[in-house]
Every structure is written in structure tokens, then in C-alpha cells.
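The values are calculated or read from the model by the stated rules, or taken from the named source; none is laboratory data. This one's a predicted model, so the numbers in the text were calculated from it and none came from an experiment. Backbone-built Cβ (ideal geometry, glycine too); neighbour counts: all protein chains shown. Surface areas here come from the heavy atoms of the whole protein model, side chains and all, with no ligands, DNA or RNA. Shrake-Rupley method; radii C 1.70, N 1.55, O 1.52, S 1.80 Å.
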Amino acid sequence: MSNPPPVFDASTFVPVPRKPEWPVYQPENLPSAWKKIAEITDVRRKDTIYDWQLYFDGAMLIFHHWSDSINEFNGKPFRYVGQYEFPIGAAAWFVENLPRFFNAGDPSKPQTSEGFHHYGHCGDEELGISRLINSIGRDIPGYSLDNCSRCGHPDMDLCQSFKMSDDFLFNQGMLELFKDIAKRHAAGTL
């Protein structure tokens with residue numbers, strides 16, 4: 001028999017403080033202070049490929065992706081830009097905290113909701129890792145690296161959430177890239 005969820009008490013709720021919003025930068029006008037430190041391709045399906053460019057501006061790790069396409073409904077061109085900002089220490093923080101999802105404890109006991117997410121601080125920003133059932137749709141499991149201190153683009157109500165399928169994280173090299181960025185940052189070679 002499980003316990004009912006706690007009752008929400010608005011009088012004690014304290015939201016995560018948000019950082020000022022960054023503009024979404026177009027690829028032709030990226031800030032000159034951004035240094036490209038890596039790139040990686042996320043092959044989601046045969047017809048969906050995301051080429052992520054990773055930048056470092058001296059303090060922040062920026063994930064940036066863009067694609068130009070034609071709207072299949074109206075035939076007009078459009079541009080999609082994905083941009084996520086994390087403190088540079090987020091790479092090491094993610095690598096250090098991801099293993100907690102692999103040891104669920106006693107498999108005969110039901111998994112608690114705490115086993116599906118973890119929150120902590122990196123610098124002065126609150127980060128999270130969540131285990132996802134639908135990381136990129138179509139029942140594809142994965143993880144997200146969340147920056148709860150920054151609003152998502154363009155939906156200001158949600159935090160930034162860089163979603164990764166298990167395949168992208170473990171087989172296509174994203175976890176190794178996080179490890180490499182963490183190592184280079186610790187060595188001062190970014």
C-alpha cells in the first residue's frame with residue numbers, strides 16, 4: 001500500500017530563482033566570445049538528425065542547434081533554433097550524478113519517484129537530471145539535463161531541458177563528450 005502524495009502548500013512554496021533570459025542567437029550572429037569546443041550529431045531517426053554545436057564563453061556551456069526547412073503544412077521556409085545554457089561545471093556534475101540512476105537498490109521493492117530524478121547545484125544555478133520514458137517522443141527512453149534556473153526558449157514557463165535518448169547518450173557519444181568537456185575544463189584547456 002503506497003502513501004498518498006503530499007498535499008501542496010502554497011504558503012511554503014519557494015520557486016527556483018531564475019537567471020535573466022538570454023536571447024536565442026541566430027547562427028549568423030553568435031557572440032564573438034563563444035568558443036566552439038565540440039560538436040556532436042544526434043541521429044534520432046533516419047530522417048531526423050540534430051547537429052549540436054557546443055560553445056564555451058568563459059563561464060557557460062552552450063548547446064546550439066539550428067536547421068532551416070520548409071513547413072510541410074504551408075510550404076513556407078522556417079528556421080528552428082535550439083539553445084541551452086548551463087554553467088560549465090554541468091558537464092562534470094552530470095557525469096558524477098548519472099550513476100545514481102543505475103543502482104535502484106532492492107529490485108523487489110517498488111521504485112520511488114526519487115529514483116527518477118536528482119537535483120543539485122552547480123555554481124549558483126540549480127540543475128537536475130531526470131530519467132525519461134519519452135526522451136524525444138515515440139516511447140524512446142533517455143535522460144534530460146535540466147537547468148531549473150533558466151527559462152526554456154521560447155516557452156518561458158518551463159526550465160531548460162536538454163533531452164538525450166539512451167542511444168544518443170550511451171552509443172552515439174554524448175556521455176563521452178560530457179566526460180571530455182569535464183576533463184578539459186578541470187585541466188584548464190577549454
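See the values below:
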item: Carbon and sulfur %, accessible surface of the chain computed with the full protein complex present, 1.4 Å; result: 55
item: Highest-MSF residue in the chain out of Pro20, Pro141, Pro77 [GNM, Cα springs under 10 Å]; result: Pro77
item: Gaussian network model of the chain, springs between alpha carbon atoms under 10 Å - residue of Phe73, Phe63, Phe116 with greatest fluctuation; result: Phe73
item: Accessible area of Trp66 in the full protein assembly, 1.4 Å probe (Å², nearest 10); result: 110
item: Cα shape, the stretch 111-190, gyration tensor, a/c 1.5 rule; result: oblate
item: Tensor-based shape of the chain (alpha-carbon gyration tensor, a/c under 1.5 rounded, otherwise prolate or oblate); result: rounded
item: Distance between modelled label sites at Trp22 and Asn171, nm, 7 Å Cα→Cβ extension; result: 3.1
item: For the stretch 1-51: accessible area per residue (Å², 1.4 Å); result: 85
item: Under 18 Å from the Cα of Lys76 - aspartates and glutamates, other chains or at least 8 residues apart; result: Asp68
item: Cα-based equivalent ellipsoid, the stretch 1-65: semi-axes from gyration tensor eigenvalues, Å; result: 36, 22, 11
item: FRET efficiency, Phe8 to Ile133 (Cβ-Cβ, R0 30 Å, nearest 0.05); result: 0.80
item: FRET efficiency, 1/(1 + (r/R0)^6) with R0 35 Å, evaluated for Asn74 and Phe101 via beta carbons; result: 0.25
item: Cα-based reach from Lys163 at 18 Å (exclusive), listing lysines while leaving out same-chain residues under 8 positions away; result: Lys179
item: Residue-normalised accessible area of the stretch 142-190, given per residue in Å² at a 1.4 Å probe; result: 44
item: Candidates Leu175, Leu145, Leu127, ranked by Gaussian network fluctuation over the chain, Cα under 10 Å, top entry; result: Leu175
item: Aspartates and glutamates whose Cα lies under 15 Å from that of Lys183, excluding same-chain neighbours fewer than 8 positions away; result: Glu96
item: Global geometry of the stretch 139-185, whether rounded, prolate or oblate, following the gyration tensor of its Cα atoms and the 1.5 cut on a/c; result: oblate
